[in-house]
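Can you keep this structure in mind? I'll have questions shortly.
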Amino acid sequence: MYNKHSLVRKIPSSSIRCSGDQPSIQKFRLLSKGNYQIHTQTIKSKTFLPIEMETNEEAKKDILIGLTKGTVLAVSDGSLKSSFGTGAFVLYNQETGKILRGCVISYGRPSDQSAYRSELIGLSAIITFITTNVDKHNLTNVNIQIACDGKSALENIFDEWKSKTKTNMKHYDIISYARALIHKSQVKWSARHVYGHRDAITTELTIWEKLNVIADELATKFWIQQKFRYQNTLNLSDGFPTVSQQGEAVCSKLRKTIQQRSNFSDWYKWWETKQTEKGRQSTNLDLRSMKLAFLKLNDAMKRWVMKHSHGTCGVNVWLHRWKQLASPICERCECHDETALHIWKCEKSKEWHSIINSWEGWLRRYNCPEPDIEAYTATWQSWRRNVTSIRLSNEISVPMRIALTDQNKIGWDKMAFGYISIHWSTVLASWRGNKYAPSPQQLIKQIWKAGHKLWDERNGWIHNDTRIKQIKREVR
Ligand SMILES: [Zn+2]
């Protein structure tokens, strides 16, 4: 699988390879924009969506006869709660008034489930029942009317002329399966939309609305009965070949899902070891405060924090890797690679002094003791100069000492990105004064704000520098 992003080159190649559970039983080529081409298709056995049908032979016979006469209506509905989905459908013979019901579990991982998927599953269950029985009993001249209260589910399955089946669609697995069954069959299908939950508004329901209410109740009942019996994968014999990773089916956006699932663990490890200081403590991080602080930011700042706390931003190291710059060296000091952390550490930065001043002012406002203020800023200063051994004087308060020591274990590289130790909250709460104690979120925001200031300063410098523009022109 080809991945455009240049990040991949730095990631161990083992993580890029996709390991399906049944490799190369069915070979297919993924083309651009979700198009695909199936090369070999060797199907051993027929696997359809497993439907739990009502055991009522009389009704079944009646429905099958109705199918050839064109008097059968079918309505499906889905149910979704707590990331578990079910579908249900009702077949109704207008001539005889007989009803036949069926239920189905929505397969896939919990995170794949949605109300839309449950609707698709319900419709696919009807199609499965009809096509398998038409084949089994050699029925001819079959036509059926299908309705469902999910408009987009109906459109995506029946209006194929609107959009081709593509692997970058959501729930392409079930859509391609249903479409393949429709294609192969000789059945004349007609689909229509029905409004759901009409029983809550009026008592005068059309037959479609009545059937929808039955299907809705059935799906809910089946949900309660089957609760969380997940079926993670299903090797359906029709439609796009099932792709599963570690026993879990890929349901939506094939290429993206595979990349995400296979890259994530190695990717994370890579960031841990390469992008930040090695062998650091990863416990005691105040991630809760970080999340709260993040949520309060405006969108622009959120975007900035996301990029910079991962180190992947428009710094020269990355611009160089993205082939937009000839050199990864910092343009200001011309002696270090310009990483996200170098923005903090570049000795040409003039903004740093005002940042330290504003931090001191902030700490004083909340009555932080002077020795603590000094220890805090001094630690930042020595981190910036790459001095690792910091001696803590006896005058420093106990909470501050604990926090500084713990933060040293986590690393100040991480601190600069907002990963603070949980012990900072004790420090902040320990300052007595007439004001409320500042929250850990405020501390994190202070740090992010400083980082953003330094970034602004760097950009101001870069954009004023004509030499850079010249370099960029040369690269092009
Ligand atoms: Zn520099």
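Could you tally the net charge around THR257, taking each other residue with its Cβ under 13 Å from the Cβ of THR257, Lys/Arg +1 and Asp/Glu -1?
Details: positive: ARG109, LYS170, LYS253, ARG255, LYS256, ARG261; negative: ASP112, ASP173, GLU248.
Around THR257, the surrounding residues sum to +3.
Please work out the Cα convex hull volume for the chain and give it in Å³ per residue.
Details: hull volume 97.1 nm³, N = 476.
Taking the convex hull of the Cα positions in the chain, it is 204 Å³ per residue.
Now a separate question. Tally Lys and Arg at +1 and Asp and Glu at -1 over the other residues with C-beta under 14 Å from the C-beta of VAL142: what net charge comes out?
Details: positive: LYS69, LYS136, LYS184, LYS188; negative: ASP135.
In short, +3.
What is the gain in length, in nm to one decimal, between SER393 and GLU374 on full extension, counting 0.36 nm per residue of separation less the C-alpha to C-alpha distance? Don't skip to the end; give the middle numbers.
Values: separation 19, 0.36 × 19 = 6.84 nm, distance 1.01 nm.
Taking 0.36 nm per residue and subtracting the Cα distance, the gain is 5.8 nm.
A further question on this structure: Express in nm, to one decimal, how much length is gained between ALA200 and GLU58 on full extension, taking 0.36 nm for each residue of separation and deducting their alpha carbon distance. Each step should come with its number before you reach the end.
Values: separation 142, 0.36 × 142 = 51.12 nm, distance 3.22 nm.
Taking ALA200 through GLU58 to full extension adds about 47.9 nm, to one decimal.
Follow-up. Evaluate the stretch 287-469: find the radius of gyration of its Cα atoms, find its Kirkwood radius, and give the ratio Rg to Rh.
Working: Rg = 17.2 Å, Rh = 17.4 Å.
My calculation of the ratio gives 0.99.
How big is the Kirkwood radius of the stretch 1-266, worked out from every pair of different alpha carbons and given in Å to one decimal?
Working: mean 1/r = 0.0514 Å⁻¹.
Taking every pair of different Cα atoms in the stretch 1-266, averaging 1/r and inverting gives 19.5 Å.
Separate question: At 222 nm, what helix-only mean residue ellipticity would the chain give, in deg cm²/dmol to the nearest 500, using -39500 (n - 2.57) for each DSSP H run of four or more? Walk me through the numbers before you get to the answer.
Details: 17 runs with 216 residues, N = 476.
It lands at -14500 deg cm²/dmol.
Please compute the contact order of the chain in relative form: average sequence separation of alpha-carbon pairs under 8 Å and at least six residues apart, divided by the residue count, as a percent.
Details: 724 pairs, mean separation 65.4, N = 476.
After rounding, I find 14 percent.
Still on this model: To the nearest 20 debye, what is the magnitude of the charge dipole of the chain about its Cα centre, counting +1 on the Cβ of each Lys and Arg and -1 on the Cβ of each Asp and Glu? Please report the intermediate quantities before stating the final value.
On the way: 71 positive and 45 negative charges, 327 e Å.
Approximately 1560 debye in magnitude.
Here is a further query. Only bridges with both residues in the stretch 1-266 count here: give the DSSP antiparallel percent, nearest 5. Kindly include the intermediate steps, with their values, before the conclusion.
Working: 27 of 37 bridges.
Within the stretch 1-266, antiparallel bridges account for around 75 percent of the total.
To continue, here is another question. Considering only DSSP beta bridges where both residues belong to the chain, give the percentage that are antiparallel (nearest 5).
Numbers: 29 of 39 bridges.
Of the beta bridges lying entirely in the chain, close to 75 percent run antiparallel.
Here's something else I'd like to know. Pulled fully out, how much extra length does the chain show between LYS184 and ASN235, if you take 0.36 nm times their separation in residues and subtract their Cα-Cα distance?
Working: separation 51, 0.36 × 51 = 18.36 nm, distance 1.84 nm.
This chain segment gains 16.5 nm when fully extended.
Another question about this same structure. Per residue and in Å³, how big is the convex hull formed by the alpha-carbon atoms of the stretch 54-104?
Per-residue hull volume (Cα only) is 68 Å³.
From Cα pairs below 8 angstrom and at least 6 apart in sequence, can you work out the relative contact order of the stretch 138-198, rounded to a whole percent? Can you show the working numbers first?
Numbers: 55 pairs, mean separation 36.3, N = 61.
The value is 60 percent.
Next question. Going by C-beta contacts inside 10 Å, put LEU236, LEU287, LEU73 in order with the fewest on the left. Write down the numbers at each step before the final one.
On the way: LEU236 25, LEU287 11, LEU73 19.
Ranked by crowding around the Cβ, least crowded first: LEU287, LEU73, LEU236.
FYI, it's all coordinate maths here, none of it is from the lab. Quick caveat, the model's predicted, so the values are computed rather than measured. Counting neighbours? That spans all protein chains shown, and the Cβs are built from the backbone with ideal geometry, glycine included.
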